[in-house]
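A short worksheet on the structure shown next.
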Amino acid sequence: MLERSSHYCYDCSMSRRTALAAISPVTSEQWGMITAGQARRLGVSRQDLNRLVDDGTLAIADRAARVYRLTGAPQNPDLDPLRAAWLQLGGAQLWHERTAAPNVVISHRSAAHLRGLGDLIPYEHDFYATTRLRPRRNDIKLRVRSQLAPDSWEIWDGLPARTVPAIIDDLLSDGEDESAVAQVVQDALALGLLRDEAFTAIVAPYAVVYGHTDPGEFAQVLTGTGTRR
């Protein structure tokens, strides 16, 4: 358990070694990253962070203001931008706090991409949030929901993300291309991440919207066992 300082001296600074030791437990569970708010909780001031940036120990993470990463930490160019965006939306909250009771969950294309399902490219970082947030970024798309059902998300690769049935529901409700959703469905089935009975109930309400009078036929099209119109 991390010990948190109850008193902060924002005009004081600590040695590089002390600052690095303070943030290391957090960066170790957050893909080498830490937010400025989290650092402050640990007694590391903005001045201390700036010094770590100046000497090359830390770098700004992607486009996420106030998110820093250890320069020597292993990188994942495919997922790090999403991770940094999620961390930015959490401010001073720590990873274990945010994953225990998430108020921001990865959704839609971003969730499908995180799980390696389909070929949809997430041009924005898609999230559901329980409160209105203002990240001041044009590459984050937030959809506000006052509640996130416990069975609609799970931790995947260290991030709270929509479950596979919920992802399919999100994509269909957004009117994504039928063939693109079908690829997500077929990938999920191939990986054992989707049960047929749950899938059929999800897609049925969208059959008519996608030009199918029979929900069963629509389900077969998406699973690749029917004929696509």
request  = Could you look through segment 31-74, keep only residues that are of a type in the set (S, T, N, Q) and either in the same structural domain as LEU142 (by TED's automatic domain parsing) or crowded, with 17+ Cβ neighbours inside 10 Å (or both), and pick out the one that is nearest to ILE140 (Cα to Cα)?
outcome  = THR35
remark   = Over segment 99-147, the set of residues without any contact (Cβ under 8 Å) to a residue 40 or more places away in the chain and aromatic (Phe, Trp, Tyr) is TYR123, TYR128
message = Taking the condition of being touching a strand residue (DSSP E or B) at 6+ places or on another chain (Cβ under 6 Å) and assigned to a loop (DSSP other than H, G, I, E, B), how many residues in segment 27-74 meet it?
response = 4
ask   = Looking at segment 213-229, which of the residues that are touching a residue at least 40 places away in the same chain (Cβ under 8 Å) and among the hydrophobic types (A, V, I, L, M, F, W, C) is surrounded by the most Cβ atoms within 10 Å (Cβ to Cβ)?
value = LEU222
ask   = Looking only at residues in segment 194-212 that are part of a loop (DSSP other than H, G, I, E, B) and surrounded by 15 or more Cβ atoms within 10 Å (Cβ to Cβ), which one is modelled with the lowest pLDDT?
value = LEU194
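Go over the candidates LEU159, LEU148 one by one and state the one that is surrounded by 13 or more Cβ atoms within 10 Å (Cβ to Cβ), under 28 Å from TRP31 (Cα atoms), of a type in the set (A, V, I, L, M) and modelled with pLDDT under 95.
Only one candidate qualifies: LEU148.
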note = The helices (runs of 4 or more DSSP H) lying entirely within segment 78-187 that contain at least 1 residues which are over 29 Å from THR200 (Cα atoms) and hydroxyl-bearing (Ser, Thr, Tyr) are 95-100
Checking PRO135 against (1) modelled with pLDDT of 95 or more; (2) surrounded by 15 or more Cβ atoms within 10 Å (Cβ to Cβ); (3) not basic (Lys, Arg), the condition it does not meet = (1)
ask   = If you take the residues in segment 83-93 that are surrounded by 15 or more Cβ atoms within 10 Å (Cβ to Cβ) and in contact with a helix residue (DSSP H, G or I) (Cβ under 6 Å, 6 or more places away or on another chain), which one is modelled with the highest pLDDT?
value = GLY90
Sole exception among (1) more than 23 Å from ARG83 (Cα to Cα); (2) surrounded by 12 or more Cβ atoms within 10 Å (Cβ to Cβ) for GLU124, by number = (1)
task = Would you check which residues across segment 12-28 are of a type outside the set (Gly, Ala, Ser) and surrounded by 14 or more Cβ atoms within 10 Å (Cβ to Cβ) and list them?
result = MET14, LEU20, ILE23, PRO25, VAL26, THR27
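The values are calculated or read from the model by the stated rules, or taken from the named source; none is laboratory data. As the structure is a prediction and not an experimental result, all values here were calculated from the model. Neighbour counts are summed over all protein chains in view; Cβ atoms, including those assigned to glycine, are modelled from backbone coordinates with ideal geometry.
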